[in-house]
Amino acid sequence: MTLLRDHDLATAFDHAAPRYDRLTAANPGYHADLRRSARRLGLPDGGAGLRVLDLGCGTGSSTRALLATAPRARITAVDASAGMLGRALAKSWPDTVRFLRLTAEEVAATAREEPYDAVFAAYLFRNVSDPDAVLTSVRALLRPGGRLAVHEYSLSGSPVHRALWNAVCRGVIIPAGTVTGDRALYRHLWRSVLDFDTAPAFAARLARAGFGGVRTLPVAGWQTGVVHTFLAGGGRPGAAAAR
């Protein structure tokens, strides 16, 4: 199948937004894994005095994970889908959180204020047309020594994990999406993971984009080998990775 991109993908997310939180809540470990990846950024002092970008925030689950681990940070959360942002904005947030409708490619404009101390991108890079260009923009958004955490469906490269992903999609994810009327989006999810970088390949992509100290960490539970946290330092070549 042809993957959804740009406007078509945003439209599919708009359509799925009212049911999205209910479906993700049915995924064991979904929210705990997001919090674990956010915590792996290692932001000190609860994020006091730091600016953090949540790139591809969706309905705000990743934003909530950042708040749980860095409650004193100023968080800018962006997404291209008006429907997903609408669901996020309907929730309660402190004044330190703001939401903007921007594509990943457009977000570089926010750096005019001041650079970010950290960027968190959950389930984003499979969905952009040019991940290398977005990584270049993200690196430009980070202050020297800033930190990046990518939480992504990126298979380990093992045939076992690829087979597991196929089985879960065919047996659970696509049928659930069909019931809710969002079959195209969840078929996109299935295929986008198969077509995306393996974890070693994405780590290499980060290094080629100029990020330093790249680390790849698995998540727990059934998603081990399917979802990974990628940690890196940005802002200058050789910047230290997050602890």
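Tabulated data for the structure shown
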{"item": "Two-site FRET efficiency, ALA167 against ALA48, from Cβ-Cβ distance with R₀ of 45 Å, rounded to 0.05", "result": "0.50"}
{"item": "Global size of region 42-115 as Cα Rg and Dmax, reported in angstrom", "result": "11.8, 34"}
{"item": "Exposure proxy order (Cβ contacts within 10 Å, fewest to most) of SER154, SER62, SER129", "result": "SER129, SER154, SER62"}
{"item": "Linear extension gain, LEU89 paired with ARG5, 0.36 nm per residue minus alpha-carbon span", "result": "27.8 nm"}
{"item": "Order of PHE120, PHE202, PHE211 under a 10 Å beta carbon neighbour criterion, fewest first", "result": "PHE202, PHE211, PHE120"}
{"item": "Spin-label pair ALA82/ALA207, simplified geometry with 7 Å Cα→Cβ offset, distance in nm", "result": "4.4 nm"}
{"item": "On Cα atoms only, tilt of 131-141 relative to the major axis of the chain in degrees", "result": "30 degrees"}
{"item": "Extended-chain gain in nm, criterion 0.36 nm per residue less alpha-carbon gap, THR178 and LEU100", "result": "25.1 nm"}
{"item": "Ratio Rg/Rh, restricted to region 1-98 and using Cα atoms, in which Rh is the Kirkwood radius", "result": "1.00"}
{"item": "Cα pair distances in region 113-156, grouped into 10 Å bins until the bin that holds the longest one, percent each", "result": "27, 53, 19, 1"}
{"item": "Helix 6-25 axis, angle to the chain major axis (alpha carbon atoms, nearest 10°)", "result": "80 degrees"}
{"item": "Centroid-to-centroid separation of region 146-201 and region 72-87 [C-alpha atoms, Å]", "result": "23 Å"}
{"item": "Dipole magnitude of the chain about its Cα centre (Cβ charges: Lys, Arg +1; Asp, Glu -1), debye to nearest 20", "result": "560 debye"}
{"item": "Label selected from (i) 45; (ii) 53; (iii) 49, the criterion being percent of Cα pairs over 23 Å apart as computed here", "result": "(i)"}
{"item": "Compactness relative to 2.2 N^0.38 Å, alpha carbon Rg of region 140-224", "result": "1.30"}
{"item": "10 °C / 1.306 mPa s Stokes-Einstein diffusion coefficient of region 60-186, Kirkwood radius on C-alpha pairs, µm²/s", "result": "95 µm²/s"}
{"item": "For GLU114, GLU106, order by how many other beta-carbon atoms lie within 10 Å, fewest first", "result": "GLU114, GLU106"}
{"item": "Dimensionless Rg ratio for region 170-220, taking C-alpha atoms and the 2.2 N^0.38 Å reference", "result": "1.56"}
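Read-outs throughout are calculated quantities, based only on the coordinates presented, and are distinct from any laboratory measurement. As the structure is a prediction and not an experimental result, all values here were calculated from the model. Note that each Cβ is placed from the backbone with ideal geometry, even for glycine, and that neighbours are counted across all protein chains shown.
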